[in-house]
């Protein structure tokens, strides 16, 4: 049995199912590039049958990240997978999306638990077995790399599960993924299930067994590691553990557990762990989902020590209270000495070290932002640079763009905000509003111009770096207020989804406005696509 564990990242598919974790196509492409740099073996780029936009996003990732001859030749060449239900239509769309990759994969699934077969599929065991046989054969005729998942395997009858998996192998599956879809099993149960599959399924020695676990009981990582110990050699994970409901297995936790406790597992991965902190921040910014401070590996407190006893131990020897070094996961404890006197060459070199390869035009934009910030801050840190890059190059499509903002607040008068936005028609629109505070007034002024009914579900604010001149970061999540019982299914999804936005600026009110606009722009674009409205039709939403 191999001692190498493949890392299958599903941040762009299962992770994006988190409410509010929607990413634009450009953001997905940047995350995929970062995953390739991280060294993941498989990128599940999306669910092509979900929408034309999802199919196009997967296709771009397959051609630009999964095929270096058409993109960055320095990146590792990961397998690019597209998810499909066990139907010909889904399989056709998945193949259309991934076929441009050097190493394409179709990942299809069908439920095998009694509760799913009875209430969701309305199928009996014989029908499920026949569908698996037909659809795996159909997919394998198109693509040489087929992954099959028996959905809700954790609650399936083991004997029936063995039969289904044998049929999938006979029909052409090369990877069998065993999902604990609802996060129900315990580590002992999940490990035993994988061991049973390794022992009882004919032909299992010719395929890769994969594990896909959810965190509904807080056991996702423990279950994944138990499955790996029992013989699985692929782990399906997401950055920061994002995913439906309570989330998925966290990439950083599985990878660092295997690395830190190598004497126990004696297994390896191909992950460059020094990239973990950077991609964690990237995904957090794009999805608007803030990483909790006490999150393992990537949380702000993961390498912080406040207790006196701990501090004393750390001063004497860092291994007294740290089982891994911050540098192992890319947490840079030193401050980057870049300031207003630094030049373009120094900025380019540091950005390259951080994984951002900019052309001359992009460097000009980044350098202008860098100089602007350096005039207000004495020292620019790596996190400041990450915020500049994210804000300058990976913002969502600007339907409305911030052109100016002025606020008045305090104890001597009513909080007032005057906002100036550039609309989709290219015209400047200005409005002033009074609110309970400067952010409230700013958001009301934006709403008065944009006129897209939305509910602010979440607002988070924190300083990226220390000091009174710190760059402030704001993340928000919004949901449309609009809705109609006469909407079709695609419209209903676009109007009911939660959209996240991120903004960074040394002025926290400006950062708040950027974050809110980013979220509203995502919402507007989704509604435009579902309505099939041309961009110019947005003029009716504007204040004249």
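The values are calculated or read from the model by the stated rules, or taken from the named source; none is laboratory data. Fair warning: this is a prediction, and the values are worked out from it, not measured in the lab. Glycine gets a Cβ as well: all are built from the backbone with ideal geometry, and neighbour counts include every protein chain shown.
In region 317-346, which residues are modelled with pLDDT under 65 and either closer than 24 Å to residue 256 by Cα or outside any loop (DSSP other than H, G, I, E, B) (or both)?
Applying the first criterion (modelled with pLDDT under 65) to region 317-346 yields 317, 321, 332-337.
Listed by number, the residues that qualify are 317, 321, 332, 333, 334.
For region 416-442, a residue qualifies if it is farther than 25 Å from residue 384 by Cα, out of contact with any strand residue (DSSP E or B) (no Cβ under 6 Å at 6 or more places or on another chain) and assigned to a helix (DSSP H, G or I), and exactly one does: 440. Being in contact with a strand residue (DSSP E or B) (Cβ under 9 Å, 6 or more places away or on another chain) and either under 17 Å from residue 62 (Cβ atoms) or not in a helix (DSSP H, G or I) (or both), is that true of even one residue in region 127-138? No, the conditions are met nowhere in region 127-138.
Step by step: first the residues of region 217-244, then only those that are in contact with a strand residue (DSSP E or B) (Cβ under 9 Å, 6 or more places away or on another chain) and part of a loop (DSSP other than H, G, I, E, B), then the one that is surrounded by the fewest Cβ atoms within 10 Å (Cβ to Cβ). Which residue is that?
Going through region 217-244, the residues in contact with a strand residue (DSSP E or B) (Cβ under 9 Å, 6 or more places away or on another chain) turn out to be 219-228, 230-244.
Right, trim to part of a loop (DSSP other than H, G, I, E, B) and you get 219, 230-233, 242-244.
Working: 219: 21, 230: 19, 231: 16, 232: 28, 233: 19, 242: 23, 243: 26, 244: 19.
Only one residue fits best here, namely 231.
Take the conditions (1) modelled with pLDDT of 95 or more; (2) more than 19 Å from the chain's Cα centre (by Cα); residue 238 misses just one of them, which is (2).
Once region 421-440 is narrowed to residues that are exposed (fewer than 14 other Cβ atoms within 10 Å of the Cβ) and in contact (Cβ under 8 Å) with a residue 40 or more places away in the chain, the residue that is farthest from residue 528 (Cα to Cα) is 427.
Of the residues in region 245-263, how many are crowded, with 24+ Cβ neighbours inside 10 Å, part of a helix (DSSP H, G or I) and under 16 Å from the mean Cα position of the chain (by Cα)? Walk me through how you get there before you give the answer.
First, pick out the residues of region 245-263 that are crowded, with 24+ Cβ neighbours inside 10 Å: 248-252, 254-255.
Checking the rest, the ones that are also part of a helix (DSSP H, G or I) come to 251-252, 254-255.
Pick out the ones that are also under 16 Å from the mean Cα position of the chain (by Cα) and you get 251-252.
So the count comes out to 2.
When region 139-160 is filtered for residues that are more than 11 Å from residue 106 (Cα to Cα) and assigned to a helix (DSSP H, G or I), the ones remaining, listed by number, are 153, 154, 155, 158, 159, 160.
The C-beta contact set for region 262-276 (first residue at positive phi and assigned by TED's automatic domain parsing to the domain that holds residue 237, second residue loosely packed, with under 14 Cβ neighbours inside 10 Å and not in a helix (DSSP H, G or I), distance under 7 angstrom, 6+ apart or interchain) comprises 266/3.
Considering only region 131-154, I want to know if a residue exists there that is more than 21 Å from residue 44 (Cβ to Cβ) and either buried (at least 21 other Cβ atoms within 10 Å of the Cβ) or under 27 Å from the mean Cα position of the chain (by Cα) (or both). Give the derivation first.
Within region 131-154, the first condition is being more than 21 Å from residue 44 (Cβ to Cβ), and the residues that meet it are 131, 133-134, 137, 141.
Right, trim to either buried (at least 21 other Cβ atoms within 10 Å of the Cβ) or under 27 Å from the mean Cα position of the chain (by Cα) (or both) and you get none.
No, there is no match, as no residue in region 131-154 is more than 21 Å from residue 44 (Cβ to Cβ) and either buried (at least 21 other Cβ atoms within 10 Å of the Cβ) or under 27 Å from the mean Cα position of the chain (by Cα) (or both).
What are the residues in region 271-295 that are in a loop (DSSP other than H, G, I, E, B) and touching a strand residue (DSSP E or B) at 6+ places or on another chain (Cβ under 7 Å), if any?
Across region 271-295, the qualifying residues are 271, 288, 289, 290.
Go through 471, 457 for me and flag whichever is at pLDDT 85 or above and farther than 25 Å from residue 430 by Cα. Break it down stepwise before answering.
Working: 471 fails: at pLDDT 85 or above.
It is 457.
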